[in-house]
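Laboratory data are not the source of any read-out in this text; all were calculated from the coordinates shown. All values derive from a computational prediction rather than experimental measurement. Cβ: placed from backbone, ideal geometry, glycine included. Neighbour counts: every protein chain shown.
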Amino acid sequence: MAQTAEAGTTAGENRTIALIGAGHFLSHFYALTLPPLFLFFREVFSVSYALLGALVTGYAMVGGVLQAPVGLAVDRWGAKPVLLAGLALNAAAIAAIGLVSSYWALALLAVAAGIGNSVFHPADYAVLAARIRERRLPRAYSLHTFLGFFGTAVAPLTMATLAALMGWRHAVMLAGAAGIATVLAMAVSGGAVASPPRTGDAAADAAPARWLSLPILLFFGFFAAYGLASGG
């Protein structure tokens with residue numbers, strides 16, 4: 001009986017890890033969806049590479065700045081609605097890029113995609129902490145990180161190949177469709193990607209004053225250095 005209960009719990013955790021990992025894979029994949037298409041964009045929209053590079057800058061800056069507010073939203077409403085809304089926005093914006101006829105429409109959608117991208121780390125870690133037993137958390141976190149970097153690794157070659165085979169517009173639409181499919185899988189997964197809202201003392205622990213505490217500042221410094229080292 002104990003083994004059956006353990007197996008059921010492990011199966012539920014594996015489903016959580018798979019769904020959260022899929023979302024994190026797409027988060028990193030979408031971050032590098034556009035650069036492989038710059039040659040096409042430059043020809044179609046007649047803009048410089050500097051303006052095309054601004055698309056990636058805008059995507060990353062918006063996604064980074066909104067992480068802290070999104071974390072507060074996860075604390076207040078739980079992870080699932082925030083995660084689903086963010087992934088849906090990210091995927092829909094990427095797919096809609098296949099319909100644009102001007103650079104500025106492309107830029108607007110890149111910013112919208114960046115807004116959607118801001119949800120993954122705050123929501124993902126809340127779900128993993130809530131749904132995974134402590135002894136399996138190292139494995140869950142490592143798989144989560146691996147799948148994110150795997151998305152980064154395969155995005156350039158995948159998008160370049162798809163653009164060569166079906167055109168860049170259909171390529172971004174297909175990439176966006178993968179995200180919408182993942183949203184639907186998460187939506188019907190029950191509590192697999194849920195974390196409870198924080199209330200009472202737990203919510204007080206997330207007060208803005210604590211953002212300037214030494215542990216938070218040390219983590220900020222670590223991840224800032226990590227981001228510079230890995231992403232430039």
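Determine which member of the set ALA160, ALA129 is surrounded by fewer than 21 Cβ atoms within 10 Å (Cβ to Cβ), touching a Pro at 6+ places or on another chain (Cβ under 9 Å), touching a residue at least 60 places away in the same chain (Cβ under 8 Å) and not aromatic (Phe, Trp, Tyr).
On the way: ALA129 fails: touching a Pro at 6+ places or on another chain (Cβ under 9 Å).
ALA160 is the lone residue from the list that is surrounded by fewer than 21 Cβ atoms within 10 Å (Cβ to Cβ), touching a Pro at 6+ places or on another chain (Cβ under 9 Å), touching a residue at least 60 places away in the same chain (Cβ under 8 Å) and not aromatic (Phe, Trp, Tyr).
Do we have ALA112 as in a helix (DSSP H, G or I) and more than 23 Å from LEU184 (Cα to Cα) here? Break it down into steps so the answer makes sense when it comes.
Values: in a helix (DSSP H, G or I): yes; more than 23 Å from LEU184 (Cα to Cα): no.
So ALA112 does not fit the description; no.
Taking LEU52 and the conditions (1) aliphatic (A, V, I, L, M); (2) in contact with a Phe, Trp or Tyr (Cβ under 7 Å, 6 or more places away or on another chain); (3) within 16 Å of ALA192 (Cα to Cα), which numbered condition does it fall short on, given that it satisfies the others?
For LEU52, the exception is condition (3).
Could we say that SER189 is under 29 Å from GLU13 (Cα atoms), surrounded by 15 or more Cβ atoms within 10 Å (Cβ to Cβ), in contact with a Pro (Cβ under 9 Å, 6 or more places away or on another chain) and not charged (D, E, K, R) here? Walk me through it before giving the result.
Working: under 29 Å from GLU13 (Cα atoms): yes; surrounded by 15 or more Cβ atoms within 10 Å (Cβ to Cβ): yes; in contact with a Pro (Cβ under 9 Å, 6 or more places away or on another chain): no; not charged (D, E, K, R): yes.
No: the conditions fail for SER189.
So, ALA68, is that one out of contact with any Lys or Arg (no Cβ under 9 Å at 6 or more places or on another chain), of a type outside the set (Val, Ile, Thr) and within 23 Å of MET166 (Cβ to Cβ) or not? Break it down stepwise before answering.
On the way: out of contact with any Lys or Arg (no Cβ under 9 Å at 6 or more places or on another chain): yes; of a type outside the set (Val, Ile, Thr): yes; within 23 Å of MET166 (Cβ to Cβ): no.
So ALA68 does not fit the description; no.
Could you grab me the full set of residues in region 116-153 that are in a helix (DSSP H, G or I) and within 10 Å of the chain's Cα centre (by Cα)?
Matches in region 116-153: GLY116, ASN117, PHE120, HIS121, PRO122, ALA123, ASP124, GLY148.
Between a first residue in region 86-110 that is under 18 Å from TYR49 (Cβ atoms) and a second residue that is β-branched (Val, Ile, Thr), which pairs have beta carbons less than 8 Å apart while being 6 or more apart in sequence or on different chains?
ILE97/VAL172; TYR103/VAL47; LEU106/ILE97; LEU106/VAL100; ALA110/VAL56; ALA110/ILE97
Output the number of residues of region 132-156 satisfying the condition of being under 22 Å from ARG198 (Cα atoms), aliphatic (A, V, I, L, M) and surrounded by fewer than 19 Cβ atoms within 10 Å (Cβ to Cβ).
1
With the requirement that a residue be farther than 18 Å from ALA164 by Cα and without any contact (Cβ under 8 Å) to a residue 40 or more places away in the chain, what does region 23-45 give you?
none
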